[in-house]
């Protein structure tokens, strides 16, 4: 488990350092990612959590080098085993894609080419990075399909994507991503489009393949259930920034940033008393065209009155180590945050002794 | 799967035949109610009303239109003989599309004579406009919003807005008549004199291709812009495929369906004769034949040419539909 001071240390397998991504659009500059820093180790899973528009997917596409260079400005560093991906030649990054780092996406049907068979799409992924014959590549693909749990892969490999079920398609996507044994796998909402039962299977599959290949996984999701299930570390993103970052236990047990608390509060839970109401975060995320000057979450934060003066609206908080180990971007004093968190979580659990005090 | 494909094709062929039958009836009726007396065309300058009436009777033109249509249909399958009881009957062998008394020839023969020229014209310009249209379409899509994109689109818009006869006349006037860059067009089959053939055809090919290329640039460009945004293109890139492969094998292939549709129908339309271009460049094709027969009110030729042109379009429709299934596995009946 990662400790708080390790979160800022460098030398991990993948280090993203002060990454900024902005696009020029007709309406102006969109600051999609505004200075984020995180890292992930081989064999570990980092979950990036946030609402849609918080910059999760843009971050992953920036790491993969999959952005339109003419419209996008990217700065900061993405250190991949000591190389800064943002400084590498486009063709060198291309050669890393699919071989050392791979990605799976939310909707496996639209992510597979509708006109080509599974065989064709998988073999292509093998042969772009390995000098093998088509027959050898096909054998590799069948073995990989077997590994991701596709029954009779030697037959299924000649199907078209539309002939498979959603779960099977996502397995194919995973097979395609892992076919060259990458060191880094970015999974962008890999289970969102799937049935709940299939979700669990896919997560299990990812976990067992991670153990086998010792892959670093970045799991992008808005589903806290998935996070609790697979993550070692969690980075909570809001308005293009990381607002809280720590190991999964700290984040779930002692969240300190009001936004993280709000996320946890808005998840329905079976073990909670029925009468306790869901507690959505009021308002909507800020537009990336015009981010608030101070804390990005301030306009929706119910605790900003506890910060003296107008600091939340004027000053941007730094991502700083908190007493409980994680990094938190918040102007509230540490002890106040801990108290708020304790009370709120108590309320959520329906525990009257903790909740009653407030 | 192959049986269901052949059942599908068979059904399409049958409905195609039905459509042709209906079409021939409409064409036949339509041109029969138009002014112009077919019997008048059967006799020369020294014509008297008596001769015209006699001819009308001998040729069966005094029968009801439906009976004439029946004769026409029969002629298609078994051939027919005009003026069978006269001293010099006219024989028209099956498939008899009619007989032109104006030109003293079987309509099917006239069409057969004109077809190669029209076919070469259509094929040559088709190849030019497809290569230029798809090539520049992809190019502009990849440089969307930049000066290359804007200038190609601007030129294409000009090409698209100018009528082909206008460009054709300009080309003819400057390149052939004024600057003598090419000899005056005179059609010869390519088997007879290839260089003469090419010298004649190059201008009409280009003029015709300009109009169509402009359309295909815009079509390809918009298709590419659409498919380049698809998730599977992102997948192809994240596999580490080189840009060229992503564009050609993934994006272009996915955007091909509407391009193939238009290409099939445009080519078929041209096979029915490019009237203006053939007229400007004196090409003896179907278009010239149609134009001449309309000027002369040569009814059997008009009906024949219209039907043949319709056959091309209907067949092209069928071919395009079959090609869909080849391109897109999702529309294959399973």
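Just tell me how shielded A:108-115 is by partners: mean number of partner chain Cβ atoms within 10 Å of each residue's Cβ, no decimals.
6
Distance between the C-alpha centers of segment B:240-256 and segment B:83-117? Whole Å please.
First find each Cα centre; the distance between them is then 52 Å.
Picking from B:23, B:34, B:73, which is most flexible by a Gaussian network model of chain B using Cα springs under 10 Å?
Residue with maximal mean-square fluctuation among B:23, B:34, B:73: B:34.
Can you compute the helix-only [θ] at 222 nm over chain A? Use -39500 (n - 2.57) per DSSP H run of at least 4 residues, normalise by all residues, nearest 500 deg cm²/dmol.
Computed mean residue ellipticity for chain A: -10000 deg cm²/dmol.
What FRET efficiency, computed as 1/(1 + (r/R0)^6) with R0 = 41 Å and r the Cβ-Cβ distance, is obtained for residue B:181 and residue B:20, rounded to the nearest 0.05? Each step should come with its number before you reach the end.
Working: r = 44 Å, r/R0 = 1.07.
E between residue B:181 and residue B:20, to the nearest 0.05, is 0.40.
Compute the distance in nm between two label points, each set 7 Å from the Cα along the Cα-to-Cβ direction, one at residue A:52 and one at residue B:318.
The modelled label-to-label distance comes out at 4.7 nm.
Packing-wise, with mean Cβ within 10 Å as the measure, how do A:326-335, A:203-212, A:339-348 rank, highest first?
Numbers: A:326-335: 21.3, A:203-212: 16.3, A:339-348: 18.1.
Output ranking for A:326-335, A:203-212, A:339-348: A:326-335, A:339-348, A:203-212.
So how far, in whole Å, is the C-alpha centre of segment A:308-336 from the one of segment B:289-334?
With segment A:308-336 and segment B:289-334 each reduced to a Cα centre, they are spaced 74 Å.
Just want to confirm a number: the relative contact order over chain B, from Cα pairs under 8 angstrom separated by 6+ residues, in percent.
Dividing the mean separation by the residue count of chain B yields 22 percent.
Ranked by Cβ crowding within 10 angstrom, fewest neighbours first, how are B:151, A:287 ordered?
Numbers: B:151 11, A:287 14.
With the fewest neighbours first, B:151, A:287 line up as B:151, A:287.
In units of 2.2 N^0.38 Å, what is the alpha-carbon radius of gyration of chain A?
1.04
Let's test the formula: R0 of 41 Å, r as the Cβ-Cβ distance of residue B:66 and residue B:162. What FRET efficiency results, to the nearest 0.05?
So, using R0 = 41 Å, E works out to roughly 0.35.
Would you look at the GNM of chain B, springs on alpha carbons closer than 10 Å, and say which of B:113, B:298, B:243 moves the most?
B:243
Tally the DSSP beta bridges in the protein assembly as shown and give the antiparallel ones as a percent, rounded to 5.
Expressed as a percentage, antiparallel bridges in the protein assembly as shown total about 65.
What does the structure give for B:237-249 when I average, per residue, the other chain Cβ atoms found within 10 Å of the residue Cβ?
Working: counts 8, 18, 17, 15, 8, 4, 3, 0, 2, 1, 0, 0, 5.
Rounded to a whole number, the mean comes out at 6.
At a threshold of 8 angstrom on Cα-Cα distance, excluding pairs fewer than six apart, so keeping six or more, what relative contact order does segment B:67-172 reach in percent?
This gives 12 percent for segment B:67-172.
Could you work out how much longer the chain between residue A:163 and residue A:139 gets when fully extended? Use 0.36 nm per residue separation minus the Cα distance between them, nm to one decimal.
Fully extending the segment from residue A:163 to residue A:139 adds 6.5 nm.
Using a 10 Å cut-off around each Cβ, can you sort A:44, A:147 from fewest to most neighbouring Cβ atoms?
With the sparsest Cβ surroundings first, the list reads A:147, A:44.
Going by how many other Cβ atoms sit within 10 Å of their own, how do B:260, B:320, B:308, B:78 line up, fewest first?
So the residues, fewest neighbours to most, are B:78, B:260, B:320, B:308.
Hey, could you get me the Stokes-Einstein D for segment A:199-257, Kirkwood radius over alpha-carbon pairs, 4 °C and 1.567 mPa s, rounded to whole µm² s⁻¹?
104 µm²/s
Can you give the angle from 0 to 90° between the axis of helix B:2-33 and the longest principal axis of chain B, with both taken from C-alpha atoms, to the nearest 10?
50 degrees
Before anything else, pin down the relative contact order of chain A: Cα pairs under 8 Å, at least 6 apart, normalised by residue count, whole percent.
RCO, chain A: 20 percent.
Give the percent of DSSP beta bridges with both residues in chain A that are antiparallel, rounded to the nearest 5.
60 percent
Can you classify chain B as rounded, prolate or oblate using the Cα gyration tensor, where a ≥ b ≥ c are the square roots of its eigenvalues, rounded means a/c under 1.5, and otherwise it's prolate if a/b beats b/c and oblate if not? Please list the in-between numbers first.
Working: a/c = 3.01, a/b = 1.65, b/c = 1.83.
In terms of gyration-tensor shape, oblate.
Once you put a point 7 Å from the Cα of residue B:105 and another 7 Å from the Cα of residue A:20, both along the Cβ direction, what distance in nm separates them?
7.7 nm
Working from Cα positions, state the angle (0 to 90°, nearest 10) between the long axis of helix A:118-127 and the longest principal axis of chain A.
Computed tilt is about 90 degrees.
In cubic angstrom, how much convex hull volume per residue do the alpha carbon atoms of segment A:33-111 span?
Cα-based convex hull of segment A:33-111, divided per residue, equals 133 Å³.
Where in segment B:60-103 does the label zone of residue B:113 land, with the point 7 angstrom along Cα→C-beta and an amide N cut-off under 14 Å?
B:99-103
Inside 10 Å of the C-beta atoms of A:94-103, what's the mean count of C-beta atoms belonging to other chains?
Across the residues of A:94-103, the mean count of other-chain Cβ atoms within 10 Å is 4.
What is the Rg over Rh value, at two decimals, for the protein assembly as shown, using alpha-carbon atoms and the Kirkwood definition of Rh?
1.17
Work out the FRET efficiency for residue A:100 and residue B:253 from their Cβ-Cβ distance, taking R0 = 41 Å, and round it to the nearest 0.05. Could the numbers behind the result be given before it?
Working: r = 28 Å, r/R0 = 0.67.
That gives a FRET efficiency of 0.90.
When chain A is treated as a GNM, springs tying every alpha-carbon pair under 10 Å, which of A:177, A:288, A:135 comes out with the largest mean-square fluctuation?
Maximum fluctuation in the GNM of chain A, among the listed residues, is at A:135.
Once the convex hull of the alpha carbons of segment B:141-184 is built, what does its volume come to per residue, in cubic angstrom?
96 Å³
Note down the nm distance, to one decimal, between modelled labels 7 Å out along Cα→Cβ at residue A:222 and at residue A:287.
Taking the simple label geometry, residue A:222 and residue A:287 are separated by 1.9 nm.
On C-alpha positions alone, give me the angle between the axis of helix B:299-327 and the longest principal axis of chain B, in degrees, nearest 10.
That helix lies at roughly 30 degrees to the long axis.
To the nearest Å, what is the center-to-center distance of segment A:191-265 and segment A:116-177, using C-alpha atoms only?
27 Å
All of the numbers you see were taken from the coordinates with simple rules; none came from a lab. In this text the structure is predicted, and so the values were computed from the model without any measurement. Don't worry about glycine lacking a Cβ; one is built from the backbone with ideal geometry, like all the others, and counts go over all protein chains shown.
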